[in-house]
């Protein structure tokens, strides 16, 4: 995501917290949805990079403890 790659991931605790579905990447429930989403995905690279830089940097993570 930081390198502006479009991400398609299975719904799970990690990806659910990081990816905003249809905004900074795509979340799917099964293999057929994964294939369909990969074939139809639009680029979410810039939105993904902005999300990572804003929410997953040292200042925001260290200050939350």
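Between helix 31-40 and the chain there is an angle of about 80 degrees, using the helix long axis and the longest principal axis of the Cα atoms.
Just to confirm the number: angle between the C-alpha axis of helix 45-55 and the first principal axis of the chain, 0 to 90 degrees, nearest 10? That works out to roughly 30 degrees. When 27, 46 are sorted by how many other C-beta atoms sit within 10 angstrom of their C-beta, beginning with the fewest, the order is 46, 27. When both the range 33-65 and the range 2-26 are represented by their alpha-carbon centers, they are found 6 Å apart.
Every read-out reported here was derived from the displayed coordinates using simple, explicitly stated rules and does not represent laboratory data. None of these values were measured; they are calculated from a predicted model. Cβ coordinates were reconstructed from backbone atoms using ideal geometry, including for glycine residues, and neighbour counts include every protein chain displayed.
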